1. From the list 246, 250, 278, 239, which residue is modelled with pLDDT under 95 and more than 30 Å from residue 115 (Cα to Cα)?
2. Look at residue 184 and say whether it is surrounded by fewer than 20 Cβ atoms within 10 Å (Cβ to Cβ), assigned by the TED database to the domain that holds residue 237 and acidic (Asp, Glu).
3. Mind counting the residues in the range 136-152 that are crowded, with 16+ Cβ neighbours inside 10 Å and at pLDDT 90 or above?
4. In the set 100, 47, 87, which member is charged (D, E, K, R), under 30 Å from residue 303 (Cα atoms) and modelled with pLDDT under 95?
5. Against the condition open to solvent by 30 Å² or more (accessible area, probe 1.4 Å), under 30 Å from residue 162 (Cβ atoms), at pLDDT below 95 and in the same structural domain as residue 374 (by the TED database), how does residue 259 come out, does it pass?
6. Sort out which residues of the range 336-348 are of a type in the set (Asp, Glu) and assigned to a strand (DSSP E or B), and write them in order of number.
7. Residue 128: over 30 Å from residue 278 (Cα atoms), under 26 Å from the mean Cα position of the chain (by Cα), at pLDDT 85 or above and surrounded by 15 or more Cβ atoms within 10 Å (Cβ to Cβ), yes or no?
8. Specify which of the listed residues (78, 74, 69) is outside the structural domain of residue 349 (by the TED database), exposed (fewer than 15 other Cβ atoms within 10 Å of the Cβ) and among the acidic types (Asp, Glu).
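The values are calculated or read from the model by the stated rules, or taken from the named source; none is laboratory data. The model shown is predicted, which means the values in this text are computed figures rather than measured ones. All Cβ positions, even for glycine, are placed from backbone atoms using ideal geometry, and neighbour counts span all protein chains on display. To get the accessible areas, we keep the full protein, side chains included, count just its heavy atoms, and leave off ligands, DNA and RNA. Shrake-Rupley method; radii C 1.70, N 1.55, O 1.52, S 1.80 Å.
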Amino acid sequence: MATIRSVSFTIRRMSQQCFNIPPACFDTDYVLNPSNRSEIEANIQHRKGIGDIQLVHRINEQLRDTPSERGTLEAQLEVELSKIPNRTHPDVIGYGAEPRIIRSFNEQAKRTDRKFYQFGDICKKMNLYRMENLGNFTGHRSYYLTDELAELEHALICYAVESLRRRNFQLVTVPDVLPGRIIESCGMSVHGERNQVYKLNDDDGRELLCLSGTSEMALAGYLAGRILPAEQLPQKLMAVSRCYRAETSALQEEKGIYRVHQFTKVEMFAVCQPDQSATVLEEFRDIEVNLFDQLGLHFLLLDMPPCELGAPAYRKYDIEAWMPGRGMYGEISSCSDCTDYQARRLGIRVRNREQDTFAHTVNGTACAIPRMLIALLENFQNEDYTITVPEVLRQYMSGKQLLRRRKVLPELKLTKRLVQEETF
């Protein structure tokens, strides 16, 4: 049996790299062991068919048989190894394609007793945002939040940040522009026609730069190449950042700001020892539940099936809030245990007495602004076109209890001529 033990592969053709990012170190002891092939293949099928373990083993065999082509084959092997998804928690393998509902919160707050406007409709009636006529200005799926709606956004950010600060999270300001390798190391592809990543330069031999899809990527990159003392773990970080997604949707229930190209999010991230990540994931889940429970929302806590884990997650919880204007539950948060998937790709290690090991990483959404605004305005709208502000947010809005309809001054009205003149 020919295996390559804990070998780090580097793509030679990227000789003009300008960022000192450690090469990935895959778990080749496990992945290249023929006795694990059927188990890995089954996991790939559960995870929407990401990766090709048969191809990985064929390339590995070629490495043994044709050493003269070692450089080319090592580069191919790295690419294919990077596509193999993380393992799946044994408790969720049998879920099929449907999530398991763990618990329903605030059932009494599920509003179905009268007509509720969708977020976009109630905002138009209150003159609090603008999403129309932006195609020639900032592009489709863009939006402006104005006046009290913009205040509510900042209140949500402050509420989430202060809640995490009390739980000993360290606040970090992160960059929006990242090397493509950081993004791919975190589990999001930057290649292919249907990827969600905005690229800032062409693949012309320079390091590929991209807009970050979530601050999880920047926080993971911040720790790349580090060896962290075991006694200092877990380290819990948080960031407030803009997130950029090229994805689109034609689904009626996802119209408006439900799925947009740019939004603000408060993210939780932790790096920990291997035996700590399951506990940290439960902590992140409980933090999210507490945040949304205090807002008074009705929501479901879901344990997600393998087909919804993506490539990096070992286990993932989602939270879906009731949105009465849409008559549906919509995802507002998630948290994932990525075990050593990201740490191996970024060289994040733990220093123990016996030997260094790869760290585990955990991430979670404390507050994704657009969908939180949808949930709040659709649930707490009143028949007189006002919105009741949840009590825990009022301290961040100068004690304001209601959002009221905004009067539009004549000079602020958008005329047909102005709409026609909008350009980039």
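1. 246
2. No; evaluated as a whole, the condition is false for this residue.
3. Matching residues across the range 136-152 total 4.
4. None of the others qualify; the one that does is 47.
5. So residue 259 passes the test.
6. Scanning the range 336-348 gives a single hit, 337.
7. Against the criterion (over 30 Å from residue 278 (Cα atoms), under 26 Å from the mean Cα position of the chain (by Cα), at pLDDT 85 or above and surrounded by 15 or more Cβ atoms within 10 Å (Cβ to Cβ)), residue 128 does not qualify.
8. 69
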